[in-house]
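Single-structure report; data block below.
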Amino acid sequence: MKGYAMLGIGKTGWIEKERPVCGVLDAIVRPIAIAPCTSDVHTVWEGALGDRHDLILGHEGVGEVVEVGSLVKDFKPGDRVIVPAITPNWSAVESQAGFSTHCDGMLGGWKFSNTKDGVFAEFFHVNDADGNLAILPDGVDPAAATMLSDMIPTGLHGSELADVQYGDKVCVIGIGPVGLMGVAGAALRGASNIYAVGSREACAKVAKEYGATDIINYKNGSILDQVMEKTKGKGVDKVIIAGGDVDTMDEAIKMLKPGGKIGNINYLGSGDYIKIPRVEWGYGMSHKSIIGGLMPGGRLRMEKLVSLMLTGRLDPSKLITHRFEGLDKIEPALMLMKDKPRDVIKPVVIIK
Ligand SMILES: [Zn+2]
């Protein structure tokens, strides 16, 4: 089969590989719709995970099951399925402890395009099919459903990590597609003021549609100063970090009220340390919490999140700015994520 792969740091291209083998608990899936991700860009062009050779990229997609292992109970060939980016081993002790993301070691639930071939191929392998796949309900657009693999669960996890409560003032730093779902998540959980930090017009417009009350553009001055001015010097209750770099934590801590919480869902692709400002962190005694987490994957989460789409509470199609047709279009779609022209939020490739 053919697949679009990371050939080495900074290099991508098409390769030929053997079709993956289906274990007794697993499934082999043919993609119906796939999406490239900024994570793919960090992995390839920043070498964030270290070097990878001939590793097929991609972790966002929906597909059709073509084969299942002998112990798979709930799925069969022909089923159309949602595939989460994070596919934990559900029998691992870390999963039993509630941290399926870190099964078999830190971030071990992140397998696609990290420790095994991803979804940008004619076929891909899903471990623990009963635990990780979810049926794609009739009437849900497969292109929109690709946002269930990563953008929706990751963005919404930001509001879970930051523990957004009714009436909270929340700052969402970074309004790419994940940050936009962070805004949507904060709104769903009852935030009052949502300050969305970003400069691109396309993203700002969609951020308002998802519930942002204010757009903070760093081109108009320091984002910290702007947030402090809008909150009359008090700061915000919660911060969701979905963009920026190792220096962003400094601003997040400074704009946070004592007792506030920061949920980081940003993939830090470079830099060695994250600085915490001593004074604004209350000399170590501010009760300002920081938690960073990769979203849990798995079937239950996919089933719950698709129900938000079915009931109309969340419409991820606003994220999709570019649609391509045919597996071979994954290359131009990925380059859009890499080059980020101002009108792009998220491209999707539809495969017939
Ligand atoms: Zn992704």
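Condition test on residue 47, is it under 19 Å from the mean Cα position of the chain (by Cα) and more than 16 Å from the ligand (Cβ to nearest atom)?
Values: under 19 Å from the mean Cα position of the chain (by Cα): yes; more than 16 Å from the ligand (Cβ to nearest atom): yes.
Yes; evaluated as a whole, the condition is true for this residue.
Answer yes or no: is there a residue in the stretch 316-326 that is in a loop (DSSP other than H, G, I, E, B) and either among the small types (Gly, Ala, Ser) or open to solvent by less than 50 Å² (accessible area, probe 1.4 Å) (or both). I'd like the intermediate steps shown before the answer.
First, pick out the residues of the stretch 316-326 that are in a loop (DSSP other than H, G, I, E, B): 326.
When the remaining residues are screened for being either among the small types (Gly, Ala, Ser) or open to solvent by less than 50 Å² (accessible area, probe 1.4 Å) (or both), the result is 326.
There is at least one residue in the stretch 316-326 that is in a loop (DSSP other than H, G, I, E, B) and either among the small types (Gly, Ala, Ser) or open to solvent by less than 50 Å² (accessible area, probe 1.4 Å) (or both).
Are any of the residues in the stretch 205-219 of a type in the set (Ser, Thr, Tyr), without any contact (Cβ under 8 Å) to a residue 24 or more places away in the chain and open to solvent by 20 Å² or more (accessible area, probe 1.4 Å)?
Initial filter on the stretch 205-219 (of a type in the set (Ser, Thr, Tyr)): 210, 213, 218.
Add one more test, that the residue is without any contact (Cβ under 8 Å) to a residue 24 or more places away in the chain, and what stays is 213, 218.
If we keep only those that are open to solvent by 20 Å² or more (accessible area, probe 1.4 Å) as well, we get 213, 218.
Checked against the condition, which is being of a type in the set (Ser, Thr, Tyr), without any contact (Cβ under 8 Å) to a residue 24 or more places away in the chain and open to solvent by 20 Å² or more (accessible area, probe 1.4 Å), the stretch 205-219 yields at least one hit.
Which residue out of 107, 55 is farther than 27 Å from residue 324 by Cα and within 16 Å of the ligand (Cβ to nearest atom)? I'd like the intermediate steps shown before the answer.
Working: 55 fails: farther than 27 Å from residue 324 by Cα.
Just a single option satisfies the conditions, and that option is 107.
What residue, among those in the stretch 1-39 that are closer than 27 Å to residue 179 by Cα and away from the ligand (no atom under 16 Å from the Cβ), is least open to solvent (accessible area, probe 1.4 Å)?
So the residue we want is 5.
If I filter the stretch 260-270 for residues that are assigned to a helix (DSSP H, G or I), open to solvent by less than 50 Å² (accessible area, probe 1.4 Å) and either more than 30 Å from residue 121 (Cβ to Cβ) or touching a Leu at 6+ places or on another chain (Cβ under 6 Å) (or both), do I get at least one hit?
Here is the first cut: in the stretch 260-270, the residues assigned to a helix (DSSP H, G or I) are none.
No, because not a single residue in the stretch 260-270 is assigned to a helix (DSSP H, G or I), open to solvent by less than 50 Å² (accessible area, probe 1.4 Å) and either more than 30 Å from residue 121 (Cβ to Cβ) or touching a Leu at 6+ places or on another chain (Cβ under 6 Å) (or both).
Going through the stretch 244-253 one residue at a time, which ones are modelled with pLDDT of 95 or more and either surrounded by 20 or more Cβ atoms within 10 Å (Cβ to Cβ) or assigned to a loop (DSSP other than H, G, I, E, B) (or both)?
Those that are modelled with pLDDT of 95 or more and either surrounded by 20 or more Cβ atoms within 10 Å (Cβ to Cβ) or assigned to a loop (DSSP other than H, G, I, E, B) (or both): 248, 249, 251, 252, 253.
So, in the stretch 40-69, exactly how many residues are open to solvent by 20 Å² or more (accessible area, probe 1.4 Å), of a type in the set (Gly, Ala, Ser) and under 20 Å from residue 151 (Cα atoms)?
Residues meeting the conditions: 1.
Can you confirm whether residue 100 is within 17 Å of the chain's Cα centre (by Cα) and open to solvent by less than 60 Å² (accessible area, probe 1.4 Å)? If you could, list the steps in order and put the result at the bottom.
Working: within 17 Å of the chain's Cα centre (by Cα): yes; open to solvent by less than 60 Å² (accessible area, probe 1.4 Å): yes.
So residue 100 fits the description; yes.
Scanning for something within 16 Å of the ligand (Cβ to nearest atom) and open to solvent by 10 Å² or more (accessible area, probe 1.4 Å), does the stretch 156-165 turn up at least one residue?
Narrowing the stretch 156-165 to residues within 16 Å of the ligand (Cβ to nearest atom): 156-158.
When the remaining residues are screened for being open to solvent by 10 Å² or more (accessible area, probe 1.4 Å), the result is 156-157.
Taking every residue of the stretch 156-165 in turn, at least one turns out to be within 16 Å of the ligand (Cβ to nearest atom) and open to solvent by 10 Å² or more (accessible area, probe 1.4 Å).
Out of 196, 144, 186, I need the residue that is over 28 Å from residue 275 (Cα atoms) and either open to solvent by less than 20 Å² (accessible area, probe 1.4 Å) or assigned to a helix (DSSP H, G or I) (or both). Which one?
Working: 196 fails: over 28 Å from residue 275 (Cα atoms); 186 fails: over 28 Å from residue 275 (Cα atoms).
Exactly one of 196, 144, 186 is over 28 Å from residue 275 (Cα atoms) and either open to solvent by less than 20 Å² (accessible area, probe 1.4 Å) or assigned to a helix (DSSP H, G or I) (or both), namely 144.
Taking interchain pairs and intrachain pairs at least six residues apart, which have beta carbon atoms under 6 angstrom, with the first residue in the stretch 244-260 and closer than 23 Å to residue 165 by Cβ and the second of a type in the set (Phe, Trp, Tyr) and open to solvent by 60 Å² or more (accessible area, probe 1.4 Å)?
Note: pairs meeting the criteria are 253/281.
Taking the stated definitions as given, is residue 344 in contact with a Ser or Thr (Cβ under 6 Å, 6 or more places away or on another chain), within 18 Å of residue 181 (Cα to Cα) and aliphatic (A, V, I, L, M)?
For residue 344, the condition - in contact with a Ser or Thr (Cβ under 6 Å, 6 or more places away or on another chain), within 18 Å of residue 181 (Cα to Cα) and aliphatic (A, V, I, L, M) - is met.
The values are calculated or read from the model by the stated rules, or taken from the named source; none is laboratory data. Quantities reported herein were computed from a predicted structural model and do not represent experimental measurements. A quick note on method: Cβ atoms are made from the backbone with ideal geometry, for glycine too, and the neighbour counts reach across all protein chains shown. These accessible areas exclude ligands, DNA and RNA; they are computed on the full protein's heavy atoms, side chains included. Shrake-Rupley method; radii C 1.70, N 1.55, O 1.52, S 1.80 Å.
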